[in-house]
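Remarks on the structure that follows.
The values are calculated or read from the model by the stated rules, or taken from the named source; none is laboratory data. The shown structure was predicted, so the numbers you read here are calculated from the model rather than taken from an experiment. Methodologically, a virtual Cβ is constructed for each residue, glycine included, from the backbone with ideal geometry; neighbour enumeration extends over all protein chains shown. Keep in mind that these areas ignore ligands, DNA and RNA; they rest on the heavy atoms of the full protein, side chains included. Shrake-Rupley method; radii C 1.70, N 1.55, O 1.52, S 1.80 Å.
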Amino acid sequence: MSGIIKAQNVNFAYTRTPVLENISFEIQPGDYVGIIGPNGGGKTTLLKVMLGLEKGKGSIELFGTPLPQFQEWHKIGYLAQKSPVSQSRFPISAQEVVLMGLLGRRGSRISVGELKQVYEAMQQTNTREYADRIFNDLSIGQQQRVLLARALVSHPQLLILDEPSTALDASSRELFFNLLGNLNKKQGVTILLITHDTGEVGKYISKFMYIDKTLVFFGTKPEFCHSKAVAEKLGAFAQHTIDHLHNHHGHCPLGADCEECAHDH
Amino acid sequence: MITEFLSYGFVQKGLIAGSLVAAACALLGVFLVLKRLSLIGDGMSHVCLTGVALALFTATSPVYMSIPVVLLSSLGIMKLTQKFRIYGDAAIGIVSAAGLSVGLLITSLAGGFNTDLLSYLFGSILTVTTDETVLCGLLFIIILTGICLFYREVTSACFDEPFAKTRGIKVGTVNAVLVMITSVAVVLAFKVVGIFLISALLIIPPVASLLVARTFKQVLCLAVVFGVLSVWGGIYISFVWDIPSGACVILMNLLFLLGSYTYNKIMGK
């Protein structure tokens, strides 16, 4: 099976400070990958390089096409960590913001079909009720949900999300992760998610990628949780993550699949 | 009085050219203000001094001489920000200072300031030629057509640049076109309000409009209305009281800004 994203020897540096070094991996269709790592480890930069927002060295292919030639942007939904729009005085409605997610597909004209898609995306993210309100008048959490609707509106095959749940309250977060879980399981949407919230999102994620300037670990959740070598290699942060995965809400997110828990019990 | 005012050919030409330039600047200004590039007009206007000084030195048309000079400078600003990762405001400051100093140097070599140069510094809308009026019309049509054809792309690029890039929009091209058209608008505007006050035409109508409009299309339309009415009001006041037209136009703009602010406060927007 060919990868949806294929990265080979990706390097990136701000002036002379290396941020990413020799990163290679392949994301398969249907993967739900949690990208973790310490602050400043290069997680956000990696996503930006993958999307062409920062120019790195090495090779990146999206859906089998080298990044510089890639045109099918409607296949990708992206939600940034810090959106430049939240402080803006831009007088634009939430619905118009969501509509921007369809730009890569059909050019400038707005069709009835597009409006239907916008309606559906806003329905999915519970933002329909404030579709006509000015985006800037919404709370940060509401804005984040509108931006998620914008990422979903083109029915992407790949969702790239950079700490998307930071501004959400508990109920919105649960709704949000359930939605992502359903998109991944039922519609086969591939998801790449930077998160520090490994406990809550852990039950959905199928693979972990640990970035700390280099690709320290990339593999399945059981491999990540139970590899002592990984724990030794990654030190305190990884141990904390593993503990969090096991202890969050008092149960192991792997459930019956977790051999370690089975032994404990 | 108004009939007499409108009966003069030079007034009619000034009103038409001034309205077209004000409308063009207002439309461009909305995007520049929202992209936090509004001071680019100020920087470009200083570079105009080099163009005007060169024109006076070589006895050519200041407008035609300034257009390539300002265009090259705008490209210089973009290169500084992209290649050398210098902040936009710093790049504008560098090019602006360079433009002003070269202009002053050429003026000095030419034997100092004279009446012609002063009229460009403070504006002389009533001396606009037919060719310049046609150029203003062309510029306005190009800007209006561009906005109508690429409304969603340009809006998206201004609203959220990184996301627009992930939709396949050539944000770099959008920015380059915006800056280059602004350069031409700045050159055409220096006859209306003068080199020192050009940036006000790019900044004040959009800011006033942003205070009262509820949609982006309203922002564009209101900015044009404020810009054009300021030109008409400013020229009329200048004609009646025999005072500098450029300053009157800008003061009218400030009145609209004050009105918008008051409306904003009353409506609790």
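Quick one: is B:GLY123 of a type outside the set (A, V, I, L, M, F, W, C), in contact with a helix residue (DSSP H, G or I) (Cβ under 9 Å, 6 or more places away or on another chain) and within 14 Å of chain A (Cβ to nearest Cβ)?
no
What pairs come out if I take residues in segment B:22-47 that are closer than 19 Å to A:ARG89 by Cα and pair them with residues that are among the polar types (S, T, N, Q) and not in a helix (DSSP H, G or I) whose C-beta lies under 6 Å away, six or more apart or interchain?
Correct list of pairs: B:LEU32/B:SER38.
Within segment B:161-170, work out how many residues are surrounded by fewer than 21 Cβ atoms within 10 Å (Cβ to Cβ), within 11 Å of chain A (Cβ to nearest Cβ) and at negative phi.
3
Please specify each residue of segment A:5-48 satisfying the condition of being open to solvent by less than 30 Å² (accessible area, probe 1.4 Å), on the phi < 0 side of the Ramachandran plot and more than 14 Å from the chain's Cα centre (by Cα).
A:ALA7, A:VAL10, A:PHE12, A:VAL19, A:LEU20, A:ILE23, A:PHE25, A:GLY41
Specify the residue that is least open to solvent (accessible area, probe 1.4 Å); the eligible residues are those in segment B:82-92 that are among the small types (Gly, Ala, Ser) and farther than 17 Å from B:LEU72 by Cβ.
Once the filter is applied, the top-ranked residue is B:GLY88.
Which condition from (1) assigned to a strand (DSSP E or B); (2) touching a strand residue (DSSP E or B) at 6+ places or on another chain (Cβ under 6 Å); (3) touching a residue at least 24 places away in the same chain (Cβ under 8 Å) is the one that A:GLU26 breaks?
The failed condition is (3).
Six or more apart or on different chains, Cβ under 6 Å: which pairs go from a residue in segment B:241-269 that's closer than 16 Å to B:VAL192 by Cα to one that's open to solvent by 60 Å² or more (accessible area, probe 1.4 Å) and hydrophobic (A, V, I, L, M, F, W, C)? Could you list them?
B:PRO244/B:PHE122; B:GLY246/B:PHE122
In this structure, is A:THR190 in contact with a helix residue (DSSP H, G or I) (Cβ under 9 Å, 6 or more places away or on another chain) and at pLDDT below 85?
Spelling it out, it is not the case that A:THR190 is in contact with a helix residue (DSSP H, G or I) (Cβ under 9 Å, 6 or more places away or on another chain) and at pLDDT below 85.
Out of curiosity, is B:LEU202 at pLDDT 90 or above, open to solvent by 10 Å² or more (accessible area, probe 1.4 Å) and over 30 Å from A:LEU67 (Cα atoms)?
No: the conditions fail for B:LEU202.
Checking A:GLN81 against (1) within 12 Å of chain B (Cβ to nearest Cβ); (2) surrounded by fewer than 18 Cβ atoms within 10 Å (Cβ to Cβ); (3) modelled with pLDDT of 90 or more, which single condition isn't satisfied?
Every condition holds for A:GLN81 apart from (3).
Could you list all residues from segment A:102-126 that are at pLDDT below 90 and either under 24 Å from A:ASN178 (Cα atoms) or in a helix (DSSP H, G or I) (or both)?
A:LEU102, A:LEU103, A:GLY104, A:ARG105, A:ARG106, A:VAL112, A:GLY113, A:GLU114, A:LEU115, A:GLN124, A:THR125, A:ASN126
Among the residues of segment A:182-202, are any among the aliphatic types (A, V, I, L, M) and surrounded by fewer than 16 Cβ atoms within 10 Å (Cβ to Cβ)?
The answer is no; no qualifying residue exists.
With segment B:42-136 as the region, which helices (runs of 4 or more DSSP H) entirely inside it contain at least 1 residues that are closer than 25 Å to B:SER19 by Cβ?
B:62-83, B:115-122
For segment A:163-177, which positions are in a loop (DSSP other than H, G, I, E, B), in contact (Cβ under 8 Å) with a residue 40 or more places away in the chain and open to solvent by 40 Å² or more (accessible area, probe 1.4 Å)?
Once the filter is applied, which keeps residues that are in a loop (DSSP other than H, G, I, E, B), in contact (Cβ under 8 Å) with a residue 40 or more places away in the chain and open to solvent by 40 Å² or more (accessible area, probe 1.4 Å), segment A:163-177 yields only A:THR166.
When segment A:110-160 is examined, which residues are found to be in contact with a Pro (Cβ under 8 Å, 6 or more places away or on another chain) and over 27 Å from A:GLN28 (Cβ atoms)?
Residues satisfying the conditions are A:ILE134, A:ASN136, A:GLN144.
Return the total of residues in segment B:215-234 being within 14 Å of chain A (Cβ to nearest Cβ), open to solvent by 20 Å² or more (accessible area, probe 1.4 Å) and touching a Ser or Thr at 6+ places or on another chain (Cβ under 9 Å).
4
Residue check: is A:LYS55 over 23 Å from A:HIS155 (Cα atoms), surrounded by fewer than 14 Cβ atoms within 10 Å (Cβ to Cβ) and among the charged types (D, E, K, R)?
yes
Checking the condition at pLDDT below 85 and in contact with a Leu (Cβ under 7 Å, 6 or more places away or on another chain), which residue from B:SER7, B:SER38 passes?
B:SER38
Could you list, in sequence order, all residues of segment A:116-146 that are hydrophobic (A, V, I, L, M, F, W, C) and open to solvent by 80 Å² or more (accessible area, probe 1.4 Å)?
Selection gives A:ILE140 alone.
Identify, from the list B:SER101, B:SER66, the residue that is small (Gly, Ala, Ser) and surrounded by fewer than 21 Cβ atoms within 10 Å (Cβ to Cβ).
Selected residue: B:SER101, the only one of B:SER101, B:SER66 that is small (Gly, Ala, Ser) and surrounded by fewer than 21 Cβ atoms within 10 Å (Cβ to Cβ).
Name every residue in segment B:260-269 that is open to solvent by less than 80 Å² (accessible area, probe 1.4 Å), part of a helix (DSSP H, G or I) and farther than 22 Å from B:ALA24 by Cα, in order of residue number.
Within segment B:260-269, B:THR262, B:ASN264 qualify.
How about segment B:143-160: which of its residues are surrounded by 15 or more Cβ atoms within 10 Å (Cβ to Cβ) and more than 7 Å from every other protein chain (Cβ to nearest Cβ)?
Hits for segment B:143-160 are B:ILE143, B:LEU144, B:GLY146, B:ILE147, B:VAL154, B:THR155, B:ALA157, B:CYS158.
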